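Chemist: Quick one: structure below, then a few questions.
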Amino acid sequence: MRLLVVGAGSTGGYFGGRLAQAGRDVTFLVRPSRAAHLRETGLHLVSPHGDATVHPKVVTADGIDAPYEAILLTVKGFQLEAALNDIAPAVGPETMILPVLNGMDHMGTIARRFSRANVVGCALKVATVLEDDGSIVQLTPMQDLAYGELDGGDTARMRELDGFFSGVAIGARRSPVIHREMWEKWVLLASAGAITCLMRGTVGQVEACPGGATFASNLVDEVVAIVNAVGVPPSADFLTAARAQLTAKGSPLASSMFRDLQRGRAVEVENIIGDLVRHAEAAGIPCPLLSAAYVHLLVYQNGLVAQR
C-alpha cells in the first residue's frame, strides 16, 4: 500500500514520519519550499516516544501522476478546498481518504468532491506543534489514531489498513463506532477550544479561578446539547472523562487553537466553533458561552486578516 500524507505540519509530519521511519511506503504532498527543506534537512521529530530524523519521499501537486491506495488528509479546515484540488490526481475509485480534520463538515465536502465510497472515518488525538525551524514536537505521550468504516463494517480495505499500521507505535486502532468517536472528538475540541481561548489560559488556570470549573462544565453542557440534537450522542463514559479532563486542577491542557492563538497563527474558528453555533441556531438551542467564544475568536481572526 502507498500512502500519501497531505501536509508535513505538526500532525501529518508526526504520523507520516513515524510510518516512514517504520519502513512504510509514505510520500508527503507539500509545497515546493517545504519539499526543498525536507530534502535538505529531513523531517525532525522530538517526542516522548523517541526522537528521530526521517528523510521521506516528497512530491508537489504538479508531480502526482497516479492514484494512491490511501490518503491521510491532515490540513486545517481553511485549507481544505485547495488541498482537494491538489489531491485530485491521486484519488481513484478505490482510494481511501482518511481525513483528520476538525469538526464534521469536511466529510460531506470530500464526499461531494469525490465519492462517499472514498471516505473513511478517522479521529485523531495528539498534541504536537510545528516549530519555526520545521521540526515537530510531540508535547505529551498521548497518541490515538482511530479509523473505520462509517457504518462499522469489517471490510477488506479496513483489514488492509490494519496491516499497514500494524507494528508502528502511533496508537492506530480500528473502531467499529468511528462515527460516534468523530462527534466525541468535536465535543472535546470545541469545549477545550472555547474554554482556553475565551479565558486565555490552560484548563488548570481556568479551574483555579472562582467559578472557573462551573464555567467549564456549563460550556461542555452547551456543546453536548447541540451534538445530541444534530449528531451522534457521546457515550456516558466519554462525557465523564471529558468533564474530568476539562476541569482538572493544575492541568496544563490547552487546545491547539489556543496554542495557535498564542503564536499569532490563524485558527480553525469556523470548523471547530462556528459550525456548532450555526447548528445550534438552526435547532433553536441557546449557547451563550459558545457564542461568546465564537465572537472572541472571530475578533482575533479578523485582526490577523487586517494585518495582511
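The values are calculated or read from the model by the stated rules, or taken from the named source; none is laboratory data. Every value quoted in this text rests on a predicted model; they were computed, and no experiment measured them. No Cβ is skipped: glycine too gets one built from the backbone with ideal geometry, and neighbour counts run over all protein chains shown. All accessible areas refer to the heavy atoms of the entire protein, side chains included, with ligands and DNA or RNA removed. Shrake-Rupley method; radii C 1.70, N 1.55, O 1.52, S 1.80 Å.
Chemist: For the stretch 3-176, report the % of Cα-Cα distances exceeding 21 Å.
Modeler: So the pairs more than 21 Å apart make up 44 percent of the total in the stretch 3-176.
Chemist: Here is a further query. Quick one: ranking MET142, MET1 by accessible area, 1.4 Å probe, largest first, what do you get?
Modeler: Sorted descending by solvent-accessible area, the residues read MET142, MET1.
Chemist: Run the accessible area of the stretch 181-307 with a 1.4 Å probe and give the carbon-and-sulfur part as a rounded percent.
Modeler: Ligands and nucleic acids excluded, carbon and sulfur reach 60 percent.
Chemist: Additional query: According to a simple spin-label model (label point 7 Å from Cα along Cα-to-Cβ), what is the distance in nm between ALA244 and MET142?
Modeler: 1.3
Chemist: Let me ask another. So what is the 222 nm mean residue ellipticity for the chain from helices alone, if each DSSP H run of at least 4 adds -39500 (n - 2.57) and you divide by all residues, rounding to the nearest 500 deg cm²/dmol?
Modeler: -14500 deg cm²/dmol
Chemist: Separate question: Report, as a whole number in µm² per second, the diffusion coefficient that Stokes-Einstein gives for the stretch 1-55 at 37 °C and 0.692 mPa s using the Kirkwood radius over alpha carbon pairs.
Modeler: The calculation lands on 292 µm²/s.
Chemist: Rank TYR300, TYR14 by accessible area, highest first, at a 1.4 Å probe radius?
Modeler: Output order, biggest surface exposure first: TYR300, TYR14.
Chemist: Continuing with the same structure: With a/c under 1.5 counting as rounded, go ahead and sort the stretch 48-125 into rounded, prolate or oblate using the C-alpha gyration tensor (a ≥ b ≥ c being the square roots of the eigenvalues; past the cut-off, prolate if a/b is larger than b/c, else oblate).
Modeler: oblate
Chemist: Right, something else. Report HIS44's accessible area, 1.4 Å probe, all protein chains in place, as a number in Å² to the nearest 10.
Modeler: So the heavy atoms of HIS44 present about 60 Å² to solvent.
Chemist: What is the Cα centroid distance between the stretch 20-67 and the stretch 193-223, reported in whole angstrom?
Modeler: 37
Chemist: Continuing with the same structure: Given the C-alpha centroids of the stretch 114-150 and the stretch 259-282, what is the distance between them in whole angstrom?
Modeler: One Cα centre to the other: 18 Å.
Chemist: Of the DSSP beta bridges with both residues in the chain, give the percent that are antiparallel, rounding to the nearest 5.
Modeler: Restricted to the chain, the bridges split so that about 35 percent are antiparallel.
Chemist: Which value, in Å² rounded to 10, gives the accessible area of VAL75 with a 1.4 Å probe and all protein chains present?
Modeler: That residue has around 20 Å² of solvent-accessible surface.
Chemist: Another question about this same structure. Top mean-square fluctuation among THR196, THR60, THR11, Gaussian network model of the chain, C-alpha springs under 10 Å?
Modeler: It is THR60.
Chemist: While we're on this one: Can you sort ASP51, ASP162, ASP65 by solvent-accessible area, 1.4 Å probe, largest first?
Modeler: Greatest to least solvent exposure: ASP65, ASP51, ASP162.
Chemist: What translational D, rounded to a whole number of µm²/s, comes out for the stretch 181-307 from Stokes-Einstein when the hydrodynamic radius is the Kirkwood one over Cα pairs, at 25 °C and 0.890 mPa s?
Modeler: Translational diffusion coefficient: 169 µm²/s.
Chemist: At q = 0.14, 0.22, 0.24 Å⁻¹, what log₁₀ I(q)/I(0) does the stretch 143-230 have when each alpha carbon counts as one equal point scatterer in the Debye sum?
Modeler: Scattering profile of the stretch 143-230, log10 relative to I(0): -0.66, -0.98, -1.07.
Chemist: Sticking with this structure for a sec: Just tell me, in residue order, which DSSP H segments of the chain are both 20 angstrom or longer along the helix axis (alpha-carbon based) and at least 0.0 in mean Kyte-Doolittle hydropathy.
Modeler: What comes out of the filter, once short or polar helices are dropped, is 178-199, 212-230, 288-307.
Chemist: OK, next. For SER166 and ALA52, what does the FRET efficiency come to when R0 = 25 Å and r is the distance between their Cβ atoms, rounded to the nearest 0.05?
Modeler: 0.85
Chemist: Just to be sure I understand the curve: with the Debye formula and one point per C-alpha of the chain, what is log10 I(q)/I(0) at q = 0.11 Å⁻¹?
Modeler: After summing over all Cα pairs, the log10 values are -0.68.
Chemist: Please compute the net charge surrounding PHE78, taking Lys and Arg as +1 and Asp and Glu as -1 over other residues with Cβ under 10 Å from its Cβ.
Modeler: Residues near PHE78 contribute -2 overall.
Chemist: Would you please name the trypsin sites (Lys or Arg not before Pro) within the stretch 213-285 that are DSSP coil residues with at most 14 other C-beta atoms within 10 Å of their C-beta?
Modeler: LYS249, ARG263, ARG265
Chemist: State in Å² the accessible area per residue of the chain; use a 1.4 Å probe, count heavy atoms of protein chains only, and round to the nearest integer.
Modeler: That works out to 43 Å² per residue.
Chemist: Which value, in Å² and to the nearest 10, is the accessible area of ILE285 when all protein chains are kept and the probe is 1.4 Å?
Modeler: 40
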